[in-house]
Amino acid sequence: MEEKEQEKHKPNKILDSSINFIFSNNPLKWLLLITILGAFLRFLMARNVSALGDEMVHGPHAIGFLHSGLISTIAHSPLWFYLTDIFFKILGVTMFSTRFLSFFYGTLSILVIYLIASKIFSRKIALISSFLISISYFTIRYTLAEMDISAIFFLLMAIYFFIDSSEKNKFPYLAAICIGIASLIKTLSLFFVPAFLIAFFLFRKNEEKMNKKEFIGISKKVIYFGILVLLIFSPILINNYLWYKDKGMVDTYFAQYFNIGKAREAYSGQLGYDSGFLFKRFFEGTVKMSIHLFKNDPIIFILGILGIITSFFILEKKYWIFLTSFQLFGFFFLILTNWLPTHYTTMMPVLTLFGGFFIDNIINKFQNINYKKTLFIFLALIFIFQIYLLLPHLTSRCGICQMRDYAEENMDKNSIVIADARIYRGRIAWLFYDFHYLESSFFPEIMSVNQNLSGQQYPLKVYFVECVKDDCGWGTVREGPLNQSSEELIRIFSDVSTPIKTIYGGGGYEDDSGMPYMNIYSATININPQIIGLIDSTHDWFYYPVNYIPKEKIFEQYSVYGFLDNLMYLFAWLIIIISIVLALAFPIKLVSDLINT
């Protein structure tokens, strides 16, 4: 009877707790609202914004990665691809699911910023900093099928765990693990490691002059920390070792920065993979990317820089040096290697930490004003400005976002899809990976083969997807032979069919909102069934077969010989599996620590 009474009153207890929470001064209440706001803006961006070029490299490469058998890729660490493919299995292949990791870990980064700022500054500043990162235009804009937003989440977790462990006088195992996971998501995460190695000396308990014994003790911790990071990063090292041993090949990073001839030649001209370090352009890159950061998030950039300057005189030096060295090492190493804008989203979290400090500090300078009212007005103005920047991307959906949804819901998977070759090849692979698709430039040849095949032909539904604006993602094909051949094919289909669906552009950038973007035609053509296999054999994209079928066409094919090499290969797989589990488990640890703050 007592148990039944307890069960009966449970709903009332939950209701009472909820009411108490709503009307309390608990900062977690405001953090929850800030996080919901940030999640909503990131959701709209991930669902709506027009796709950038690299997204349509990474997105198709993530499809089927779970059965690829790869422990790394030619250009990127493997973990992002494994995690994205897991969510493809759960959510299906849509623009949102392709960008899900950036949405998920980008939203969780709001919570990590709160935890870090709470430890370094105060809960009040932590809420301000969390609000800034939740509405950061640059961060939200790059909620894309890229690795940087996911990687910075784990680097922020590493900062939090390092500070927390130092306060408890414990070795920062979790910080090293988080850095390792970040590096398995994005290799460039290793650029931030030096800041943590310096932090071992900054966060020592003894504030007197360091003696030889203490120096040796700290140095050992630095070495252990570095070894742990490298162990988690080891699948990439092992992959390169085994591939080089068997084929003399390595991935693009090793080819670019270590000048390995055969591999460097193989990647020559591909996205700067043969460029090496950019020492001669360091100053140019510093100026260019600083301006880029300012242009993409002017208010937060200014607040962050002012916060870094003013906090130097106020903030405890170990925190100031740790955060600024984290920022500077990441920034300067990036300047030496890659100027792609998405990589520099990793700069925004630290700027929001210092930006929150500056806002609180400057308002407190004026004693005759109401702090809460002034803070509210100030943050409201920032919010309005950020939303103004975001509006072009939030109020309409990109053409290929809509095209993928339409294909999934309305088009027959057993049909043939002829995709206008003026659609970027990566977009075609992503849009129609689960169809028998064919680029229009191959269509005449395929039809010629079809006519010459022996055996009976059967009527089969064929869709033709036209790029109405003549260039859907390439940026270079509005004129010339490709455009002419596409127009001829459109005339053939328009003679027998009118468009069954018109997809309109949106999402900002190259998609003109509300303007026709793609037309879909439907017809029936007599096809020899043997031609389907030939059509599917054309499904290659940037070194890999689409959906990793057949495996024989995967670029980095190598054999593993001997007991030790096989043991290393198995170890790499073990690390990857553990990293996948931990990457999904750390958000639980984050929420647990928040509840206990």
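Each value in this text was obtained by applying a stated rule to the coordinates, not by laboratory testing. Note that the structure is a prediction, hence the values are computed from the model and not measured. Virtual Cβ from ideal backbone geometry, glycine too; neighbours counted across all protein chains shown.
Can you give me the Cα centroid spacing of the range 512-576 and the range 373-421 in angstrom?
Value for the Cα centre distance between the two parts: 27 Å.
Out of residues 5 or more away from R397 or on other chains, whose amide H comes under 5 Å of its own, with H placed 1.01 Å from N in the peptide plane?
It is G507, by chain and number.
Taking a spot 7 Å from the Cα of T476 along the direction of its beta carbon, which residues of the range 32-71 have an amide N less than 15 Å from it?
53-54
If I fit a long axis through the Cα atoms of helix 27-48 and take the longest principal axis of the Cα atoms of the chain, what angle between them do I get, 0 to 90°, rounded to 10?
The angle comes out at about 20 degrees.
Count the DSSP beta bridges whose two residues both fall in the chain, then state the antiparallel fraction as a percent rounded to the nearest 5.
65
Specify the angular offset, from 0 to 90 degrees and rounded to the nearest 10, of the alpha carbon long axis of helix 298-311 from the longest principal axis of the alpha carbons in the chain.
Once rounded, one gets 30 degrees.
Between E316 and I384, how high is the FRET efficiency from 1/(1 + (r/R0)^6) when r is the Cβ-Cβ distance and R₀ = 30 Å? Nearest 0.05.
0.30
Considering only the range 399-553, what is the antiparallel percent among its DSSP beta bridges, to the nearest 5?
65
Name the long-range amide H neighbours of S522: under 5 Å, sequence gap of 5 or more, or other chain; modelled H, no Pro or chain starts.
F464, I500
Helix 2-22 versus the longest principal axis of the chain: what angle, 0 to 90°, nearest 10, using Cα atoms?
The helix 2-22 is inclined about 80 degrees to the chain.
Please list, in chain and number order, the residues 5+ apart from W541 or on another chain whose amide H is under 5 Å from its amide H, with Hs placed from the backbone.
V546
Given R₀ = 41 Å, FRET efficiency for D540-S592 by Cβ-Cβ distance, to 0.05?
0.35
What's the exposure ranking of I236, I527, going from fewest to most Cβ atoms within 10 Å?
I527, I236
Stretch Q367-I90 to full length: gain in nm at 0.36 nm per residue minus the Cα-Cα span?
94.3 nm
So what's the back-of-envelope 222 nm ellipticity for the chain, counting only DSSP H runs of four-plus at -39500 (n - 2.57) apiece and dividing by all residues, rounded to 500?
It comes out at -20500 deg cm²/dmol, rounded to the nearest 500.
Report the calculated FRET efficiency for K288 and D405 (r = Cβ-Cβ distance, R0 = 45 Å), to the nearest 0.05.
Plugging the Cβ-Cβ distance into 1/(1 + (r/R0)^6) gives 0.75.
So what are the three principal axis dimensions of the chain from its Cα atoms, in whole Å, longest to shortest?
Extents along the principal axes, in whole Å: 87, 70, 59.
Could you pull out the pairs from K119/K288; K186/K221; K551/K589 whose alpha carbons sit more than 28 Å apart here?
K119/K288; K551/K589
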